[in-house]
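Chemist: This is the structure, below, for whatever I ask next.
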Amino acid sequence: MKKRIPLFLMLLVLSAPFVFSLLLLSDKSSITDTAKGEWFSESEYVSVNENSNWKLLWREKDCVKTCESWYGLLQRVQMALGKYSDQVDISKVESEKLLTHDNGLFIANHEGLVLLSYEASEGGAYKLLKDLKVLMKHGGA
């Protein structure tokens, strides 16, 4: 019996973290999606340049008379990316599916896949900036 106690303690020490993690993660409601925008439900692709990794897309119908200031806001978002600002292109939406979408701002990755959408407002642009920073940090810039 005395010879089995060290073996039992070793197995207990090795299995305790596994059991503890199962107990903690049994309630998965605490795990949330941290994206501030809405994930695009369908696969939609846009054209991308060879030298850029990410694309910010905006709809002209959302800015109506203030398109210059709206484009200026998106340029400030691009500048706020710092050293990654040259990895982002800003362009108008040309896809029919995106033109009829509820939101007016979009992020497309380096392959042209539209990932997230945001409402066409200053708040939406701020959320876009936050998500784009995370995407560029973890998804390659």
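Chemist: Can you confirm whether region 129-140 contains a residue that is within 17 Å of Arg59 (Cβ to Cβ) and not hydroxyl-bearing (Ser, Thr, Tyr)?
Modeler: no
Chemist: Right, another one. Any residue in region 17-28 that's at pLDDT below 75: show its pairings with residues that are exposed (fewer than 10 other Cβ atoms within 10 Å of the Cβ) and among the aliphatic types (A, V, I, L, M) at Cβ separation under 8 Å, as long as the two are six or more apart or on different chains.
Modeler: Qualifying pairs under 8 Å: Leu25/Ile31.
Chemist: Output the residue which, of all residues in region 83-100 that are within 16 Å of Cys63 (Cβ to Cβ) and of a type in the set (Val, Ile, Thr), is surrounded by the most Cβ atoms within 10 Å (Cβ to Cβ).
Modeler: Filtering first and then ranking leaves Val93.
Chemist: Among the residues of region 71-86, is there at least one that is on the phi < 0 side of the Ramachandran plot, of a type in the set (Asp, Glu) and touching a Phe, Trp or Tyr at 6+ places or on another chain (Cβ under 8 Å)?
Modeler: no
Chemist: Here's another thing I want to ask about it. Please specify each residue of region 53-84 satisfying the condition of being within 18 Å of Val134 (Cβ to Cβ) and either of a type in the set (D, E, K, R) or modelled with pLDDT under 85 (or both).
Modeler: Of everything in region 53-84, those that are within 18 Å of Val134 (Cβ to Cβ) and either of a type in the set (D, E, K, R) or modelled with pLDDT under 85 (or both) turn out to be Asn53, Lys55, Lys83, Tyr84.
Chemist: A follow-up question, please. For region 93-109, which residues satisfy the criterion of being touching a helix residue (DSSP H, G or I) at 6+ places or on another chain (Cβ under 9 Å) and at pLDDT below 85?
Modeler: Correct list: Val93, Leu99, Asn103, Gly104.
Chemist: Would you mind stating whether Asp89 is acidic (Asp, Glu) and at pLDDT 85 or above?
Modeler: yes
The values are calculated or read from the model by the stated rules, or taken from the named source; none is laboratory data. Because the structure is a prediction, the values reported are computed rather than measured. Don't worry about glycine lacking a Cβ; one is built from the backbone with ideal geometry, like all the others, and counts go over all protein chains shown.
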